[in-house]
1. Listed highest first by mean packing, meaning other Cβ atoms within 10 Å per residue, what order do 119-127, 131-139 come in?
2. Mind running the shape call on segment 111-209? Use the C-alpha gyration tensor, a ≥ b ≥ c as the square roots of the eigenvalues: rounded below 1.5 for a/c, prolate if a/b tops b/c, oblate otherwise.
3. Just going by the charge dipole of segment 127-209, with Lys and Arg at +1 and Asp and Glu at -1 on Cβ, which of Ile136, Asn193, Pro179 is farthest out on the positive end?
4. Which residue, Asp61, Asp118, Asp191, has the most motion in a Gaussian network model of the chain that connects Cα atoms within less than 10 Å?
5. Counting Lys and Arg as +1 and Asp and Glu as -1, what is the net charge of the other residues whose Cβ lies under 10 Å from the Cβ of Ala106?
6. Does segment 104-146 classify as rounded, prolate or oblate by the C-alpha gyration tensor (a ≥ b ≥ c root eigenvalues; a/c under 1.5 gives rounded; else a/b over b/c gives prolate, otherwise oblate)?
7. Order of 36-44, 85-93 by packing, highest average Cβ count within 10 Å first?
8. Could you compute the FRET efficiency for Met1 and Val198, with r as their C-beta to C-beta distance and R0 at 25 Å, rounded to 0.05?
Amino acid sequence: MRMILVGPPGAGKGTQAARLVGRFAIPHISTGDMLRAAVKAGTEMGKQADTFMSAGQLVPDEVVIGMVVDRIAEPDAVDGFMLDGFPRTQPQAAALDVALNAAKVALDVVLLIEVPDDLIVGRITGRRMDPETGDIYHVEFKPPPADVAARVVQRKDDTETACRKRLSKYHSETAPIVPYYRERGLLRSVDGNAAPDVVTARIEAVLAG
Ligand code: ADP
Ligand code: ADP
């Protein structure tokens, strides 16, 4: 299964990916997670990416494309992957096609999780992450258990200002790739405005159908 998850920031891509990868036994490849790991490790790429990420801007295509092309060539991704947060621009979508064509493989599905803009800021500003496990929580919608609560952290780009910039980038740069996949018959969309379990069931239904 070669699958892409698309949706605005806070749509629930990471939450749903964590639930879905086990079913398909494929790696969850999140460009946001990879970039945050590079920032934390202080690599040259991380230093370059940090400024863009903190400001709610997209990291330049050439940085992200190289990172993903290398990652999907790794042995664990040869038979399938779940890409979360990539592609986010038309050049990224085109570069992914080139890499997949060269490897003589094809995408199976592009899953769009739709959530209205007016819910996004609340989801993003309330998001918390367990730095030890990467588990995603929300102060209101998914509070961390007592033994985890003391160590959860807030991403520095999860402010209202950065979130609004990211949302606007989503509409201008990322939403235009949706028709590209729809025309090829790859797109499946689900309404992400429901409890996480309900959204998972909706995703399973569209993937089965
Ligand atoms: P969210 O969970 O809010 O959708 P991510 O964790 O996927 O955000 O990404 C965080 C940030 O990392 C983005 O705002 C952007 O700066 C950068 N980033 C992640 N993926 C990409 C990408 N495919 N292209 C450019 N920038 C990216
Ligand atoms: P994305 O990866 O698309 O940016 P996340 O999975 O990180 O989204 O979810 C963003 C925030 O919203 C997190 O705090 C998460 O706990 C919360 N969340 C995810 N799915 C739902 C849902 N269906 N209903 C309410 N809150 C949700």
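Throughout, read-outs are computed from the coordinates displayed, never taken from laboratory work. Given the structure is predicted, the values throughout are model-derived calculations rather than measurements. Glycine also receives a Cβ, built like all others from the backbone with ideal geometry; neighbour counts cover every protein chain displayed.
1. Numbers: 119-127: 18.4, 131-139: 14.6.
Descending packing order for the listed peptides: 119-127, 131-139.
2. Values: a/c = 2.45, a/b = 1.45, b/c = 1.69.
Verdict is oblate for segment 111-209.
3. Of Ile136, Asn193, Pro179, it is Pro179.
4. Asp118
5. On the way: positive: Arg2, Lys104, Arg184; negative: Asp97, Asp108.
The answer is +1.
6. Details: a/c = 3.68, a/b = 1.52, b/c = 2.42.
Here segment 104-146 falls in the oblate category.
7. Working: 36-44: 13.3, 85-93: 20.3.
Ranked from most to least packed, the peptides come out as 85-93, 36-44.
8. Numbers: r = 22 Å, r/R0 = 0.89.
E(calc), rounded to 0.05, equals 0.65.
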